[in-house]
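Quick note: the coordinates plus some simple rules give every number you see, no bench work behind them. Remember, predicted model here, so these are calculated numbers, not experimental data.
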Amino acid sequence: MTIEFQKDGRIGIIKIIGRLDASNARELKDNFVKYLEETIYFIMDFSELEFIDSTGLGAVISAFKHASEVDGDVYIANLQPKPRMVFDITRAYRIFDVYEDVDTALEAMQEKKK
């Protein structure tokens with residue numbers, strides 16, 4: 001897994017590339033805590049996320065929880081077919097705002113955070 005982080009104004013965009021599973025979920029959790037020092041609003045870009053297991057999903061939910069504790073938020077963008085199945089089976093889509101692409105998620109978050 002590779003994690004890329006960039007900011008668009010006050011919104012952090014976290015792009016996760018490859019597989020997010022038990023072998024690397026801790027890396028996402030640790031990085032997210034560092035990102036919270038820069039902003040509290042995030043979009044997770046899953047355009048290149050090939051696979052996510054329950055531990056990986058737990059890391060994403062943990063990020064959401066940490067952001068929520070400081071009145072922040074986490075949106076999901078570009079949910080690919082295999083990860084989407086995990087979101088559907090676990091009903092994780094009920095927790096997150098899910099968008100087709102990063103631009104749409106950015107617009108929605110900017111509107112909500114005005």
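Things worth noting here:
- Stretching Phe51 away from Lys34 to a fully extended chain increases their span by 3.7 nm, per 0.36 nm per residue minus the current alpha-carbon distance.
- Anisotropy class assigned to the range 61-103 is oblate, per the alpha carbon gyration tensor with a/c at or over the 1.5 cut-off and a/b no larger than b/c.
- Rounded, prolate or oblate (a/c below 1.5 giving rounded, otherwise prolate when a/b exceeds b/c) for the range 2-108 by Cα gyration tensor: rounded
- On Cα atoms only, tilt of 102-112 relative to the major axis of the chain in degrees: 50 degrees
- Theoretical gain in end-to-end length, Glu69 to Asp97 [0.36 nm per residue, Cα-Cα removed]: 8.4 nm
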